[in-house]
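Here the structure comes first, spelled out in structure tokens, and everything after it is commentary.
The values are calculated or read from the model by the stated rules, or taken from the named source; none is laboratory data. Keep in mind that what you see is a predicted model, and the values were worked out from it rather than measured. With ideal geometry, Cβ positions are generated from the backbone for all residues, glycine too; neighbour counts draw on all protein chains shown. Side chains included, ligands, DNA and RNA excluded: accessible areas come from the protein's heavy atoms. Shrake-Rupley method; radii C 1.70, N 1.55, O 1.52, S 1.80 Å.
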Amino acid sequence: MNTRLYSKFYKYVGQSFVKAILLLLAVSILSFTLVSLSPVDPIRSYVGEVGMANLNETNLAKLEAHFGLDTPPVERYWNWLTDFIQGDMGTSLIYRQPVADVISVKFMNSFLLMITAWTCSGIIGFILGTIAGLYRGRWIDKLIKGYSLLLASTPTFWLALIFLMVFSVELKIFPIGLSVPIGVAAAEVTVLDSLRHLILPALTLSAVGVANIALHTREKMIDVMEEDYVLFARARGESQLSIVKQHALRNIALPAMTLQFASLSEIFGGSILVEQVFSYPGLGQAAVSAGLDGDIPLLLGIAVISAALVFTGNLIANILYGVIDPRIRRGSVHG
Amino acid sequence: MTCLDHKHILQIDNLSVSFTQYERGLRQIDLKVIHNLNVSVHEGELVAVVGASGSGKSLLAHSILGILPPNCNASGNIIFDGELLDAARIRQLRGKEIVLVPQSVSYLDPLQKVGLQVRKGRNDKHIRRKQEELFSLYDLPEDTGGLYPFELSGGMTRRVLLSEAMMGNPRLIIADEPTPGLHLEAAQNAMSHFRQFADQGQGVLLITHDIDLALKVADRIAVFYAGTTVEEALVTDFQSIDTLRHPYTKALWRALPQNGFHPFPGNQPYVKDMPKGCPFGPRCHQFTPECEEDIPEHIIRCGTVRCIHAE
Amino acid sequence: MDDTLVTSPLQISKRKRLNQRSKTIIYLVLGLTFLLLIAVAGTLLSHAAITTNFMQKNLLPSLQYPFGTDWLGRDMLARTLRGLSISIVIGLFASFISAMIAAILGTAAATLGKTVDEVITWLVDLVMGIPHLLLLILISFALGKGTFGVIVAVAISHWPALTRVIRAEILQLKETNYVKIAGKMGRGKLEIAVKHMVPHVFPQFLVGLILLFPHAILHEAALTFLGFGLPPEQPGIGIILSESMRYLSLGMWWLAVFPGLALLITVLLFDLAGGSLRKLIDPYSAQD
């Protein structure tokens, strides 16, 4: 009996995986189409305006061949894709380095920032949302709800500017800009230095992220507390504490987890803005530079990598859901 | 009622429950869903509260257990074993002396194994043994405790909920539509457990829409109409229409298959358009202008009735 | 009667001073008034917003210049109002287009059979897979940056969430008994749609539309802040804040604080209005 049930679970995991791969492929096609549509001329971006004027026919043809402009779009996409799968994402026009190298360096910086903010906002948001939902209508709920509604409406980059003004300009606690001090070789940067540059961006991202998670968790908590089984638990004389521990937390854990992984996408979006304000050299800042300066290979690479991040998050959420929810693990009809 | 000298386990006097709701526009009004409801359960008795589906009977159970939704007001006297209960005392008694057997699987936590739920999350040896004993008493397979609610059949769910109720040493069981979707025979079978419990000198309040079932298992029947009990009668009163007291009960009687299946026109009034005085007035063939005044409760032939024409 | 008997209270519920409906109306009225005022002020102030005055440079907020002046002596209040009105117009336009796309795709997914449903659901997953801001950058890049790029990007990227809502709502309605019975009674599809579906779906759509607006306006501001889009002579809030960055280290806090706060208030008002309207149409929270 168990093998049959578990094979069902593996099928569920397999399906989620295939779906993620297909979506990722579609994202790459969509992104490729979008950047190909752009009137921004990659050659112009590459050689600059002056270079453009001095370019002769043969060199122009060479560059066109280099950027693959002389091949039809479908073939160009195919070439890009096969290279991409082999780890060759092309060469960044602004950094003059392989895109893969640029992304891996920037990704590590961003990853540190995002994982910090993701963890903080997830844990704090969950706790606040649970408390607010449990004490619905009381002052603590009003406080948490008020904070969350306010922060959910706050432009992330504006909050970043405010933090920058308060903590760096006025109080001078944190440095303005750049995760690595200018003029110091990367190897000489101490852990403390990177931490100092990390704190403000992470704080901004977390403050905004908490709002969303708390609001959603609160709503789930309210729903769960109105379920029949909570009513019944109360009728059975279970204390509020026991109801929360035995039933409520267990039942909001699943949606909270999905929410937490879904928030990866938002954290990434927020990191673009925050990195811009704090001059934090991460993936987000690179994406903005790539977009502004017409660095197509880099922009494309970042788009696909970030989508991969989002889909991986969703995939992990799906699998964890299956592991935790007995209705999926033990193979009932779609739980 | 008064003719019985058995001790009361539960006596409910003048229970009213109302909700706050929006009217058209910005006005909020109080909707009285239950008003001036009286019902009682004696030692050794199984009393059935019978009324149409969706008429607010469940709120009766919820008021006795103090689990009404927060936007609602409730008042009335609930006397349990001679003691007048307030909200705090209800909280102490529920789950111990007064237990609920709810209607469906949605009352079980979908993410917790049923054994653990029946034990209220406790794992001591003697509690575990008691749960296992109850499961075997109710013919549940040994491994049932390790299953999740979605893995139970309808019949198993019902027996799990019953075991759950029996985990304490209850004095009163409130069963809220405990047999949904069961055939009369299967339902009667399920009811035998409640019957046994009552026969040990305890009480059962059965809330149901199924009058046939109620007639088969109950000792007394309280007829619920438009938010109140219009009559409390002995089951034996239902052997003949002449021993029944209220016109609505008589109409119900006539609608039974064994008594000719006479359909009975009209609907229960909606809470917002409750008629003055007797709620049954507009549908009653004995209606007179006096019916629009307050209707007191009479005691006739050991049963109560709210009808000025009853005899 | 029995009412004269003493009864003990078992449960008492507290009534709120302001009920949900009054609150919703207050938010909506405030939101709309605010919008109108800014739109009018913004148009009137289009000239003042870019007028430079070198005698009045870098002034702190005062009675004459409540939001202060910038490094070119421009009145920040005028600039903020002008910027907000530009942002609001783009936000309104964008949320309207996105809501229309959502209505069409959501309805199509729920009514045109399994294949269409799968394709549209897949499309929603696809668009949601790219972080939103990055998608905006991609679209605006595809359109050669500029104002047009920003408007189109914001307008065509906000539909997925509302599409899901509308699809789910219609699917659920199709399963209700009264719609099924109407179908069995031989009522035409159009009649069922108009009589039974629209009255239920439209409120959801309206709430979705209102709640899209804050998203759209925030994304528009973010995108222009990053440098995609609006030219400096059209001072959207994003542009104003982006320009202010250079002067922050000089302690000119008012350049960033007030325009951002104005944007925050606009967004918050519409979030609250949409949120309370949603609560209102949800029967389960009607008493809240």
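So that you can scan it fast, the table gives a plain yes or no per residue for (1) of a type outside the set (A, V, I, L, M); (2) more than 14 Å from chain A (Cβ to nearest Cβ); (3) in contact (Cβ under 8 Å) with a residue 12 or more places away in the chain; (4) within 30 Å of A:Ile305 (Cβ to Cβ):
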residue: C:Leu60; (1), (2), (3), (4): no, yes, yes, no
residue: C:Tyr65; (1), (2), (3), (4): yes, yes, yes, no
residue: C:Gly83; (1), (2), (3), (4): yes, no, yes, no
residue: C:Leu105; (1), (2), (3), (4): no, yes, yes, yes
residue: C:His132; (1), (2), (3), (4): yes, no, yes, yes
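Of the residues that sit in region C:244-261 and are open to solvent by 10 Å² or more (accessible area, probe 1.4 Å), in contact (Cβ under 8 Å) with a residue 60 or more places away in the chain and not aliphatic (A, V, I, L, M), which one is farthest from C:Gly144 (Cα to Cα)? For region C:244-261, the residue satisfying everything is C:Trp254. Within region B:233-243, one or more residues are surrounded by fewer than 15 Cβ atoms within 10 Å (Cβ to Cβ), modelled with pLDDT of 80 or more, in a loop (DSSP other than H, G, I, E, B) and not acidic (Asp, Glu). Can we say C:Gly208 is of a type in the set (Gly, Ala, Ser) and surrounded by fewer than 17 Cβ atoms within 10 Å (Cβ to Cβ)? Here the answer is no, as C:Gly208 does not meet what is asked. Of the residues making up region B:203-228, those that are farther than 21 Å from B:Lys7 by Cβ and either of a type outside the set (A, V, I, L, M) or part of a strand (DSSP E or B) (or both) are B:Ile207, B:Thr208, B:His209, B:Asp210, B:Asp212, B:Lys216, B:Val223, B:Phe224, B:Tyr225, B:Gly227, B:Thr228. Within region A:147-161, the set of residues being within 7 Å of chain C (Cβ to nearest Cβ), of a type in the set (Gly, Ala, Ser) and either within 14 Å of A:Thr217 (Cβ to Cβ) or touching a residue at least 24 places away in the same chain (Cβ under 8 Å) (or both) comprises just one member, A:Ala152.
Only one of the listed residues (A:Phe311, A:Phe261, A:Phe278) is under 19 Å from A:Met108 (Cβ atoms) and either outside the structural domain of A:Asp83 (by TED's automatic domain parsing) or open to solvent by 10 Å² or more (accessible area, probe 1.4 Å) (or both). That residue is A:Phe278. From the list A:Thr58, A:Thr130, which one is outside the structural domain of A:Met257 (by TED's automatic domain parsing), in a helix (DSSP H, G or I) and β-branched (Val, Ile, Thr)? Just a single option satisfies the conditions, and that option is A:Thr58. Can you confirm whether region A:305-313 contains a residue that is assigned to a helix (DSSP H, G or I) and more than 14 Å from the chain's Cα centre (by Cα)? No, region A:305-313 contains no residue that is assigned to a helix (DSSP H, G or I) and more than 14 Å from the chain's Cα centre (by Cα). Among the candidates C:Thr115, C:Thr107, C:Thr147, the residue that is modelled with pLDDT under 85 and outside any loop (DSSP other than H, G, I, E, B) is uniquely C:Thr147. Return yes when C:Lys184 is free of Cβ contacts under 8 Å to residues at least 12 places away in the same chain and on the phi < 0 side of the Ramachandran plot and no when it is not. For C:Lys184, the condition - free of Cβ contacts under 8 Å to residues at least 12 places away in the same chain and on the phi < 0 side of the Ramachandran plot - is met.
Of the residues in region A:125-138, at least one is out of contact with any His (no Cβ under 7 Å at 6 or more places or on another chain), open to solvent by less than 20 Å² (accessible area, probe 1.4 Å), touching a residue at least 24 places away in the same chain (Cβ under 8 Å) and among the aliphatic types (A, V, I, L, M). Pairing each residue of region B:145-165 that is of a type in the set (Ser, Thr, Tyr) with any residue that is in a helix (DSSP H, G or I) and open to solvent by 30 Å² or more (accessible area, probe 1.4 Å), provided the two are 6+ apart or on different chains, yields C-beta distances under 9 Å for B:Tyr148/A:Arg327; B:Thr157/B:Val105; B:Ser163/B:Leu137.
Within region C:267-284, does at least one residue satisfy the condition of being within 14 Å of chain A (Cβ to nearest Cβ), over 22 Å from the mean Cα position of the chain (by Cα) and either hydrophobic (A, V, I, L, M, F, W, C) or surrounded by fewer than 16 Cβ atoms within 10 Å (Cβ to Cβ) (or both)? Yes: one or more hits.
Restricting attention to region A:133-146, the residues that are touching a helix residue (DSSP H, G or I) at 6+ places or on another chain (Cβ under 7 Å), within 14 Å of chain C (Cβ to nearest Cβ) and in a helix (DSSP H, G or I) add up to 3. Entry remark, region A:246-282: residues being farther than 23 Å from A:Ala160 by Cα and over 16 Å from the mean Cα position of the chain (by Cα) number 11 in total.
For region C:181-236, enumerate the residues that are more than 24 Å from the chain's Cα centre (by Cα) and within 24 Å of C:Arg164 (Cβ to Cβ).
C:Lys189, C:Ile192, C:Ala193, C:Val194, C:His196, C:Met197
Residues that are within 12 Å of another protein chain (Cβ to nearest Cβ) and either part of a helix (DSSP H, G or I) or open to solvent by less than 20 Å² (accessible area, probe 1.4 Å) (or both) within region B:120-134 are absent altogether.
Does at least one position in region B:43-61 carry a residue that is more than 14 Å from chain A (Cβ to nearest Cβ), over 25 Å from C:Leu10 (Cβ atoms) and either surrounded by 15 or more Cβ atoms within 10 Å (Cβ to Cβ) or modelled with pLDDT of 90 or more (or both)? So far as region B:43-61 goes, yes, one or more of its residues are more than 14 Å from chain A (Cβ to nearest Cβ), over 25 Å from C:Leu10 (Cβ atoms) and either surrounded by 15 or more Cβ atoms within 10 Å (Cβ to Cβ) or modelled with pLDDT of 90 or more (or both). Look through A:Ser242, A:Ser206, A:Ser153 and report the one residue that is surrounded by fewer than 19 Cβ atoms within 10 Å (Cβ to Cβ) and modelled with pLDDT of 75 or more. Answer to the selection: A:Ser242.
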